[in-house]
Amino acid sequence: MSDRPLLNRRLAGMGTTIFAEMSALATATGSINLGQGFPDTDGPREIAEAAAHAVLTGKGNQYPPGPGIPELRGAVAEHQQRCYGLTYDPDGEVLVTAGATEAIAASLLALLEPGDEVIAFEPFYDSYAACIAMAGARRIPLTLRAPSFRPDLERLRSLITPQTRLLLLNSPHNPTGMVLTPDELHGIAALAVEHDLLVVTDEVYEHLVFGPAVHTPIASLPGMRERTVSISSSGKTFSFTGWKVGWVTGSRELVAAVRTAKQYLTYVSAGPFQYAVAEALRLPDSYFTDFRADLQRKRDLLDAGLRAAGFEVYEPQGTYFITTDITPLGEKDGLEFCRTLPERCGVVAIPNSVFYDDPEAGRSQVRFTFCKKDEVIEEAVRRLGSMGA
Ligand code: PMP
Ligand code: GLN
């Protein structure tokens, strides 16, 4: 064999995702896993039963239609209308994907040419960097800075060049919990229109927003519908992260482009789960408000516990993550901290530095998730609090 590296240079250095590394560490050490974001309680029983029923009655056990089953495309369109007043034709303006992860990959692979520049908030969700790289495009970070993590729109303007093709947004934002305000969204939309940019917006945490913050899809702003690919997923909203049912909404032209790439990635996936998610999207408003209220309570529980344990805490407006700073604990390096935390106190967390191009920018930040049972959160903060003792 030649000396040529097997992994192509676009993916060089991307190794194993931090989520896999830290979840494996949690399993190996028997630690409480507040790293990877997955709930320790499954979503609604009736939705799980709908999935089981679909399997047993032969719904979706064979390849479902390429764009997704009509029931789910209809339910997604209804959801966009009911929650945001956005109108999409289930036939051509909605596409079902293998989670938001495939929607992100297909969108970027479809819409980018090699050499295009993509501006994305930093810290960024790790698959963005990999997908931009696989498309041969260049990632241009717009760094969100503690404590508020608000985007600097003047800086955004200064990053736009003739090579800029696309803005990759994420609000509510993982890992910081920042939720874009209507003013910020208008500012970003105005820049997109002025410079004729496409927008891909990852809104998987759309229902995990804590008042007074509200989630506004950028696609609902003037001039944005025709240039925006909106992405969401059932994983976070319905607490079934393993089902991997996601979707894209956008203009017919944009969805056709994304579908072209998507059909050669998975073609289709999760047939029976698509039926169950169609039912989930039609749950009454009370499901969404109760879910949010419960999570907000958990956020407050973890927030108070982390403060008591000595962390600097940046209260999130959305998502199920809290970003902290470990400097007040006399610590400097989040990666080192997270790698040793299991042996020090039996807790696993995620170092935000891996979500930055310049790891120095997030070196002392560590992320914890609160989508866990109250007693798990309580035990985790007890352990963290006794670490120095
Ligand atoms: N985007 C963000 C910001 C996420 O945090 C996640 C993690 N689940 C995803 C996309 C992927 O979503 P899915 O599990 O539906 O592929
Ligand atoms: N979105 C989840 C998180 O941020 C992880 C998903 C994954 O493991 N890729 O923790």
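Which value in nm describes the separation of the simple spin-label points at His53 and Leu7, placed 7 Å from the Cα toward the beta carbon?
Going from the His53 label point to the Leu7 one covers 4.5 nm.
Take every DSSP beta bridge whose two residues both sit in the chain, then give the antiparallel share in percent to the nearest 5. Walk me through the intermediate numbers first.
On the way: 20 of 41 bridges.
Bridges in the chain are about 50 percent antiparallel.
Can you give the relative contact order of segment 1-148 as a percent, counting alpha carbon pairs under 8 Å and 6+ residues apart?
Values: 109 pairs, mean separation 26.1, N = 148.
Here the relative contact order equals 18 percent.
How large is the charge dipole for segment 266-369, taken about the Cα centre, if only the Cβ atoms of Lys, Arg (+1) and Asp, Glu (-1) carry charge, to the nearest 20 debye? Let's see the in-between values first.
Working: 11 positive and 16 negative charges, 55 e Å.
Dipole magnitude for segment 266-369 comes out near 260 debye.
With unit charges on the beta carbons (Lys and Arg positive, Asp and Glu negative) and the dipole taken about the Cα centre of segment 59-197, which residue among Ala133, Gly74, Leu197 sits farthest to the positive side?
So the residue we want is Ala133.
For segment 358-388 and segment 326-346, write down the distance between their C-alpha centroids in whole Å.
Comparing the Cα centres of segment 358-388 and segment 326-346, I get a distance of 10 Å.
Which whole-number value in Å³ per residue fits the convex hull of the alpha carbons of segment 96-234? Spell out each step's value before the answer.
Values: hull volume 14.2 nm³, N = 139.
Considering the Cα atoms of segment 96-234, their hull volume per residue is 102 Å³.
Could you compute the longest span of the chain free of chymotrypsin sites (Phe, Trp or Tyr not before Pro) located in DSSP loops and having at most 15 other Cβ atoms within 10 Å, not counting the site residues?
Details: sites that count: Tyr264, Tyr267.
Value returned for the longest uninterrupted segment is 1-263.
Compute the relative contact order of the chain as a whole-number percentage, counting only Cα pairs closer than 8 Å that sit 6 or more residues apart in sequence.
On the way: 781 pairs, mean separation 93.2, N = 389.
Once normalised by length, the contact order is 24 percent.
If you take every residue apart from Gly74 with its C-beta less than 14 Å away from the C-beta of Gly74, what net charge results, scoring Lys and Arg +1 and Asp and Glu -1?
Values: positive: Arg73, Arg82, Arg282; negative: Glu71, Glu78, Asp89, Asp91, Glu93, Glu279.
Its environment carries a net charge of -3.
If each residue's Cβ is checked for other Cβ atoms within 10 Å, how do Thr101, Thr260, Thr323 rank with the fewest at the top?
Details: Thr101 20, Thr260 12, Thr323 29.
Ascending number of Cβ neighbours within 10 Å: Thr260, Thr101, Thr323.
Reported to two decimal places, what Rg/Rh ratio describes the chain when computed on Cα atoms with Rh from the Kirkwood expression?
Values: Rg = 20.6 Å, Rh = 21.5 Å.
We get a ratio of 0.96 for the chain.
Determine the dipole magnitude for the chain: charges of +1 sit on the beta-carbon of Lys and Arg, -1 on that of Asp and Glu, nothing else is charged, the reference point is the Cα centre, and the result goes in debye to the nearest 20. The partial results should precede the final answer.
Numbers: 36 positive and 48 negative charges, 99 e Å.
Computed charge dipole of the chain: roughly 480 debye.
Between segment 166-186 and segment 59-87, what's the alpha-carbon centroid distance in Å?
One Cα centre to the other: 25 Å.
Return the equivalent ellipsoid semi-axes of segment 243-305 as a descending list in whole Å, where each equals the square root of 5 times an eigenvalue of the C-alpha gyration tensor. Write down the numbers at each step before the final one.
Numbers: eigenvalues 213, 48, 35 Å².
In descending order, the three semi-axes are 33, 15, 13 Å.
Measuring from centroid to centroid over Cα atoms, what is the spacing of segment 231-251 and segment 146-163 in Å?
28 Å
Mind listing the Cα extents of segment 28-95 along all three principal axes, in Å, largest one first?
49, 33, 23
Using every alpha carbon pair in segment 26-163, what percent of pairs falls into each 5 Å bin from 0 up to the bin containing the largest distance?
2, 7, 10, 12, 14, 17, 16, 11, 7, 3, 1, 0
Quick one: what does P(r) look like for segment 240-389 with 10 Å bins over all Cα pairs, in whole %?
10, 29, 25, 23, 12, 1, 0
Starting from a Cα-only point model with no solvent, please compute log10 I(q)/I(0) by Debye for segment 296-362 at q = 0.13, 0.17, 0.28 1/Å.
Here log10 of I(q) over I(0) equals -0.37, -0.65, -1.40.
Take the Cα atoms of segment 151-295, find their three principal axes, and give me the spread along each one in whole Å, biggest first.
Cα extents, longest axis first: 44, 41, 25 Å.
Taken together, the values in this text are just the output of simple stated rules run on the coordinates, not laboratory data. If you're wondering where the values come from, they're calculated on a predicted model, not measured in any experiment. Counting neighbours? That spans all protein chains shown, and the Cβs are built from the backbone with ideal geometry, glycine included.
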